[in-house]
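What follows is a short report on a single structure.
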Amino acid sequence: MARRRVKKHTQASVKDAQNAQKPSDQAPKSMVIRIGAGEVGSSVSQLVKDMRQVMEPHTAIRLQERKANKLRDYTTMTGPLGVTHLLLFSRSKSGNTNLRIAITPRGPTLHFRVDNYSLCKDIVQAIKHPKSSGHQSFMSPPLLVMNNFTSTTPSATANGESNKQQQIPKQLESLITTVFQSLFPPISPQTTPLTSIRRVLLLDRTPQASHKSSANGQSEANGDDTSSHPSYILNLRHYHISTKQTGLPKSIRRLNAAERAITGDKKKNGRAPNLSKMEDVADYFLGDPDGKGGYTSASESEVETDAEVEVLAPQSRKIVGKRDRNSIGAQSGADADSGSTRKPPVEKRAVKLTELGPRMKLRLTKVEEGVCAGKVLWHEFVTKTREEEKAMDEMWEGRRKEKDERKRIQKENVERKKKEKAAKGEQGDEGEEELDEDVDDMDLDDDEWDSEEHENEEVEAEEDAEEEEEMDG
């Protein structure tokens, strides 16, 4: 009788898949969206695609928007998909490109005006030796570097009140720092391998003193006095990180590269140097009789680099048997008793940054409490007195009470309907009851959302009117 075949599981089990997905589930996920897909233009659409590459791998890279989609369509899907951040690009009626960064589900939202931007294709054309970054560079999130996000304390002057009004509040600076830090997963120096960090995202805040003079020049030309408004300007850059071993001449590096290509796991055609025209190997290392271009030449060993760092040299691990492990353990114990410690091998590597794009100059205009709707925490052009702030707080407190009251009435109505059905002896399906409750929730939420959208439209109309007045002036 033939032996029965026993099937072996070649695929990972469900538990293994869940355990493998745990680290990625904890990482923040984002969606880069263009609001008004057919109205923003081709340049902004390409800018959205470039920003999706920057936010990889934890972003919706193949998201397709429709012209009929509204903000509510995306916010309702953030919970089921686990999306934590929304980056919304739009264009106002006056032609300004805007960017909103919102944390779901409760905010806050940062409103930026994109003053200038350059696409990835523009960067590639401008650079003499562009870097063609492969797919592996986008398998891990970029390293976030933030510079000058918190301003120094200004010196006391005679008009201290006017200087305080021109300064950005400290709470706002810490809030902006936290929002940008939460865009990417934190990096642990002890566990994160250096080879996984292949990109860097640089955010540099322009000091207020440097761009105040340009603002004064524009205001004098236009006849306006806009220099009194505090401004928060960020410059965004995206780079690729490449490393190269230093301290060795080019001839030896070529031999090492050829050896790795031939003896590696994936054997390739190693480009070994051509030594057919040389009488001795020393001619290859020493170069010409004058010593040009060989091991003795300093120009061959020097590399144009931005920085040099010392890292642990990669070590190949071999499978060791039981006897060899025992001998290694005994030798390490003897070294510990004698007090001698072996230092890990260290090599010098040159770090070079090549810009990938895009570039953006962002100007903070407004900070809101909720997701694209809520209490305005800070505005660049609108300054309110204490009485106005108190009135605004009372207004939002009244809205919150009205919302709680609607929820209470809705809950009472649901309980009353259940009691009426139970009294009449009608036992409907639980699915229908849940469907009714969901419909009621959606109705109330839609009313609330419509009112918030109406307020946003009014605020945007006011901002556009202010911009047109400044331009006319």
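At what distance in nm do the modelled label points of L81 and D404 sit from each other, each positioned 7 Å from its Cα along Cα→Cβ?
Going from the L81 label point to the D404 one covers 3.4 nm.
Hey, what's the Cα Rg ratio for region 72-124 versus the globular rule of thumb, 2.2 N^0.38 Å?
Against the compact-globule rule of thumb, the ratio is 1.39.
Say R0 is 35 Å: what FRET efficiency, to the nearest 0.05, do K411 and A27 get from their beta-carbon distance?
0.45
Using a simple charge model, +1 on the beta-carbon of Lys and Arg, -1 on the beta-carbon of Asp and Glu, nothing else, what dipole does region 357-421 show about its Cα centre, in debye to the nearest 20?
540
Report, by chain and number, residues whose modeled amide H sits under 5 Å from the one on K375, excluding near sequence neighbours (fewer than 5 apart, same chain).
The answer is E369, G370.
Here, each number is a calculation from the coordinates, and none is a lab measurement. Just so it is clear, the structure is predicted and the values come from calculations on it, not from any experiment. Virtual Cβ from ideal backbone geometry, glycine too; neighbours counted across all protein chains shown.
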